[in-house]
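FYI, it's all coordinate maths here, none of it is from the lab. These figures come from a predicted structure and were not determined experimentally. Don't worry about glycine lacking a Cβ; one is built from the backbone with ideal geometry, like all the others, and counts go over all protein chains shown.
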Amino acid sequence: MSKDDQYMIGAKNILRGVMVTKGVSFIRLSELLSADGVDEAPRSIAAKVNRGKFTFAYFLRCMSVLGMDGGFFLIPTAEEMLAMEGTGLTTRPEERLRKLETSKKSSGHKPAKSTKTIDTDVEDEADAA
């Protein structure tokens with residue numbers, strides 16, 4: 001299996017995973033893509049996804065209609081892309097990461113301990129023994 005094949009399988013699995021998590025069938029994905037300007041039959045989408053043969057642009061479009069734009073992948077929204085047009089900037093990942101971290105803090109997620117803290121805890125336990 002070539003490296004490209006591995007990446008195609010990975011892309012397929014990510015897309016299918018998001019579909020399963022969101023409870024979206026190929027029929028529903030077809031409807032969502034149609035509303036976004038891509039008219040493609042559910043069977044055609046299923047075949048394309050199951051083979052893992054689709055462009056990165058198609059993958060991003062699917063992620064966008066599935067509500068994953070700007071989330072895990074830090075993909076700029078359409079409005080952000082239009083605002084950046086002509087500026088020479090392609091993305092602002094640090095700003096998106098700050099927003100993501102802020103939203104996690106406000107949602108009650110606890111940050112993971114740093115390696116330094118974990119190492120210190122282990123040393124303290126060893127000294128106590």
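Farthest toward the dipole's positive end in segment 3-68, which of Ala41, Met8, Thr55, given Cβ charges of +1 (Lys, Arg) and -1 (Asp, Glu) about the Cα centre? The listed residue farthest towards the positive side: Met8.
Stretching the chain fully between Ser44 and Tyr7 yields a gain of 11.2 nm (0.36 nm per residue, less the alpha carbon separation). Ordering of 57-68, 42-53 by packing is 57-68, 42-53, highest average first (other Cβ atoms within 10 Å, averaged per residue). Here the gap between Arg28 and Arg16, fully extended at 0.36 nm per residue and compared with their Cα-Cα distance, gives a gain of 3.0 nm.
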